[in-house]
Amino acid sequence: MYHEIIMSGVGGQGIMVIGSLLAQAAFMENLNVTYTPIYGVEKRGGHADCTVVISSEEIGSPIVDSPQSCIIMSRPSLGKYGPRVKPGGFLLLNSSFVDPLEVRRKDLDILSVPALEIAQTLGNDRLSNMVIIGAFVEKTRVVSLDTLAAALSQIFEEHYHHLLPANAAAISKGAEYARNSFHQ
Amino acid sequence: MEKRLFLRGNHALAIGAIKAGCRFYFGYPITPQNDIPEFFSKQMVKVEGCFIQAESEVASINMILGASAAGARAMTSSSSPGLSLMQEGLSYLAGSELPAVVVNINRSGPGLGGISASQGDYFQATRGGGHGDYRTLVLAPSSVQEMHDLTLLAFDLADKYRNPVIILADAVLGQIQETMVDRPYQPLELPPKDWILAGASGRDPRLIKSLYLKEGEMERHNWKLFEKYQRMKREDVRHENYLEEEAELIIVSFGTAARVAKSAIRLARAEGLKVGLFRPITLFPFPEKALFDLSQRVKRFLTIEMNTGQMVEDVKLSVARDADVHFYGHAPGSPPAPEELLNALKKVY
C-alpha cells in the first residue's frame, strides 16, 4: 500500500495537527510514514500545508508533486493544489470555505464536508480540522478510525488531554457525514 | 531492545547525541535547526549535562573547543549563516586536533538567504571555509534513521581522528517526521584520550595549540594532519548503492536529493529505464574509489543536487575518463519532486 496526501489551508486551521495525527496513526499501524510540514515564516493567516506519505514499503521522496489525495481547507489552497491531484484521485473539500462548484476537474473523486457547521453542532468551531480528518479516513481507510482516535493522546501534550473526548467526537461526526453523503 | 519511534529528524539527531555521551551543547538559535537546541534545553538537565544558549555562533564553537580540550564530548548545531561564523573555530579545532561534532541543517543562501532546504553548503563543508590546510569529516544523512545513526558515528569518528566532524543535513531532513528504529549505541573501539587537559597533578604538563613557530614544526604538523586525512580515505568512506546492477545511467546524489532521486528511479524503472543510484554518505572523504570502480562498467552519470553544481566536481574527479558526467541542479525554494527528477534523467538517458 502506498498513499500520498497533501493537506492545505490557512495557518490556525489545524492543518499540521491533523497531518501529524494521521501520520501518528499510520505509525501505530506499523506502516512506514513521512510527515512533512511546509511552513515557512507564515503564522496565523498564512499558507499552511503538509504532506503525509504512508507506505508498507520504504518511502523514497517525502516530497510529492501530484498526490493521490488532497484535503483543501481554504479557497487559495484549491487554486494551488486542485490541479495537481492525480487523475482519479480524491479531493476532500471543506465546503464551509470552498465552493465545490469552483472545482473544474471532472476526473476526481470529490467529497464536500461543511466542517465548520458540523463543528458548530459540537459547540466548538475549532474542531473543524478533526471533522475533516474523520471524513477523510472514513473514505480512504488509509488507517482505521479507531487508530486515528487512539493517536490523539499521542500528539497532544498531556495538559490538553481533557480535550481528547471532544476531538474524538468530532472525528466520529466527520466520519458519519462522509458515510452518509453521496459523491458529487 | 530495539524500539520503533516516530519523530522528526532534528530530534532523532539530538537523541543520538545524548546516547553517544554528548553532555555539552552550545548553540545560538536559527531556523530550521531550532528543534535541536530546544530539545537539549529540556533534556540535558536530565542527564546532568550542560546546555548553554551562547551569545553568538562564534562563542558556541569556541566553547566547544574548551569542552573538547577538557575531554568531553561536545557539539553545536546551526544553519548555514551560523556555520559561516563558525569557520574560524573549525580551523582552530582542526589545527588543535580536537574532536567536535558540528551540525549544519543547511538552509538557502548566500547571505541570510531563506529557510528552505538547500545543499548549497557542500563546498563549505567539504573544502572548509576556514583558513589553513585542513579537512573535516562530513557525514550526509538521508533519512531520520540516519540523522540518528550518523550522529552516533560522528562522535566516534571525531574521537578516532581527533578532528571535527560535520553532519550536513538540510531543512527537509531536520523537519520531517518519520519512522525510525531506536538502536542501542555500539561505540567503535577508540584510543584512550591521553591528551586531555583536565588537571596536571601527578603527570607532566600537556599542551594543546594550533600555533607552531619553531623551525620545521608547522611543516611537520601539516604532514601529520595530511596523513590523518589519508587515513580517513582508507578507513572511513561510506556510500550506498541502489539498483546499480545492470544500470545504464547512475544518479549520484546525497541527502534529501538522493531520496527524491530514489522515487524518481522507481518511476523510471516502471517505464523500463535502467537507472540506479550512487549515494555518498561521507562527503569527505568522498567515495571516489567506489565511484571509479562503478564507472568502469557504467558510462553515464547524472549528478543531482539542490544547488547549481558543487558535488558534481568531485564526481567528475572520481569517474573514469571515458565516463560522461551530467548535472541537474534544483536551486533552493521548494525541494524537487520525483517527477521533476524523472524528466531530468530522461533527458540524458
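The values are calculated or read from the model by the stated rules, or taken from the named source; none is laboratory data. Note that this is a predicted model, so its numbers are computed, not measured. Neighbour counts run over all protein chains shown; Cβ positions are idealised from the backbone, glycine included.
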(request) Using the structure shown, decide if B:Arg220 is more than 21 Å from the chain's Cα centre (by Cα), within 25 Å of B:Gly71 (Cα to Cα) and part of a loop (DSSP other than H, G, I, E, B). (result) no
(request) State all residues of the range B:300-331 that are within 19 Å of the chain's Cα centre (by Cα) and assigned to a loop (DSSP other than H, G, I, E, B); if no residue qualifies, say none. (result) B:Met306, B:Asn307, B:Gly309, B:Gln310
(request) Could you check A:Arg141 against (1) closer than 20 Å to A:Ala170 by Cα; (2) touching a residue at least 12 places away in the same chain (Cβ under 8 Å) and say which number it fails? (result) (2)
(message) Taking the criterion of being over 23 Å from A:Tyr2 (Cα atoms) and either in a loop (DSSP other than H, G, I, E, B) or in contact with a His (Cβ under 6 Å, 6 or more places away or on another chain) (or both), would at least one residue in the range B:265-276 satisfy it?
(response) no
(request) Name the strands (runs of 3 or more DSSP E) wholly inside the range A:1-93 in which the number of residues that are within 23 Å of A:Arg105 (Cβ to Cβ) is 2 or more. (result) A:2-10, A:47-55, A:69-72
(request) Determine if the range B:336-343 includes at least one residue that is part of a loop (DSSP other than H, G, I, E, B) and touching a residue at least 24 places away in the same chain (Cβ under 8 Å). (result) yes
(request) State all residues of the range B:58-87 that are surrounded by fewer than 23 Cβ atoms within 10 Å (Cβ to Cβ) and more than 18 Å from the chain's Cα centre (by Cα); if no residue qualifies, say none. (result) B:Val58, B:Ala59, B:Asn62, B:Met63, B:Leu65, B:Gly66, B:Ala67, B:Ala69, B:Ala70, B:Gly71, B:Ala72
(request) Taking B:Leu197 as meeting all but one of (1) touching a residue at least 40 places away in the same chain (Cβ under 8 Å); (2) out of contact with any helix residue (DSSP H, G or I) (no Cβ under 6 Å at 6 or more places or on another chain), write down the number of the exception. (result) (2)
(message) Exactly one condition in (1) within 14 Å of chain A (Cβ to nearest Cβ); (2) over 27 Å from A:Ile38 (Cα atoms); (3) of a type in the set (Ser, Thr, Tyr) is false for B:Ser263; which is it?
(response) (2)
(message) Of the residues A:Ser77, A:Ser20, A:Ser69, A:Ser8, only one is closer than 23 Å to A:Ser112 by Cα, facing another protein chain (nearest Cβ under 8 Å) and in contact (Cβ under 8 Å) with a residue 40 or more places away in the chain; which?
(response) A:Ser20
(message) Name the residue that is nearest to the other protein chains (Cβ to nearest Cβ), counting only residues in the range A:57-66 that are within 19 Å of A:Thr140 (Cα to Cα) and of a type outside the set (A, V, I, L, M, F, W, C).
(response) A:Ser66
(request) Keeping to the range B:307-344, report how many residues are more than 14 Å from every other protein chain (Cβ to nearest Cβ) and modelled with pLDDT of 95 or more. (result) 23
(request) Examine the range A:100-110 for a residue that is assigned to a strand (DSSP E or B) and in contact with a helix residue (DSSP H, G or I) (Cβ under 7 Å, 6 or more places away or on another chain), and state whether such a residue exists. (result) yes
(request) Please work out if B:Val172 is β-branched (Val, Ile, Thr), surrounded by fewer than 19 Cβ atoms within 10 Å (Cβ to Cβ) and either in the same structural domain as B:Ile36 (by TED's automatic domain parsing) or within 23 Å of the chain's Cα centre (by Cα) (or both). (result) no
